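Written below as structure tokens is the structure these notes are about.
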Amino acid sequence: MVKVTYSAIAAIFLIGFIFAGVGTGLSGNLNFFEAVGSSNGAKSYAGQAEKAAKRVKREPGNPAAWQALLSAQLHEADEPRYTNQTTGGFTAEGRRFLPKIERSWEGYLTATHYNPSVELAKLVLHVLGEEGLDNAGQAVTALEAITAAEPNNFQPFVELAQYAYQAGNTRQGELAAQRALALVPSAEKAHLEGILKALKANKGRLGSANSGEGEAG
């Protein structure tokens with residue numbers, strides 16, 4: 001009974017963190033254009049991504065080249081064929097597009113010596129996490145950058161604990177959970193403690209975690 005109750009509470013709480021974008025810097029319907037700072041949301045970014053990909057081939061060690069490619073692909077991923085503009089979830093075609101972003105993220109991390117832009121890390125987290133590729137290990141990498149940049153924000157530490165547990169990094173999950181509890185307002189501490197216990201018990205998984213999924217195609 002206690003386990004079921006915690007799971008239900010955690011599911012509601014995590015919707016605020018993950019699907020409403022509390023921990024990732026995004027809000028509600030995913031909007032890459034606003035988050036990245038584009039002034040022309042109607043424009044297709046496929047051409048820019050293709051141009052950036054050619055630059056990456058010429059300059060494979062250049063962080064700026066990889067950042068340009070990743071940014072263009074993130075903009076492109078927000079187009080209606082890839083993202084459901086009502087729910088913010090990825091379409092079937094969008095899910096087939098996501099591995100391109102993952103490969104660019106990996107190249108970008110290598111080029112930056114794992115010192116990525118925090119804003120890009122927040123955007124890529126939506127791609128890497130449960131609502132996208134469901135790659136817990138890569139999500140942890142993004143969240144490590146976010147928590148390093150925002151050490152006094154408890155919310156990304158909750159997500160770091162979640163994905164660390166999913167990735168099988170129990171100790172990292174426990175440390176992130178401890179940090180989150182140290183930072184959360186005292187009035188929410190008992191509530192959050194229950195959530196974190198549920199996350200650990202369920203290896204970072206909760207029943208409603210995939211509710212942000214988009215249309216089938």
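All of the numbers you see were taken from the coordinates with simple rules; none came from a lab. The shown structure was predicted, so the numbers you read here are calculated from the model rather than taken from an experiment. Every residue, glycine among them, receives a Cβ derived from its backbone with ideal geometry; neighbour counts consider all protein chains shown.
Values as computed for the structure displayed
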quantity	calculated
Principal semi-axes in Å for the range 100-150 [√(5λ), Cα gyration tensor, largest first]	15, 13, 8
Net charge of neighbours whose Cβ lies under 15 Å from the Cβ of Pro185, counting Lys and Arg as +1 and Asp and Glu as -1	0
Least to most buried among Lys203, Lys122 (fewest other Cβ within 10 Å first)	Lys203, Lys122
Value of D in µm² per second that Stokes-Einstein yields for the range 129-186, Kirkwood Rh from Cα pairs, at 37 °C (0.692 mPa s)	296
Neighbour-count order for Ser117, Ser44, fewest beta carbons within 10 angstrom listed first	Ser44, Ser117
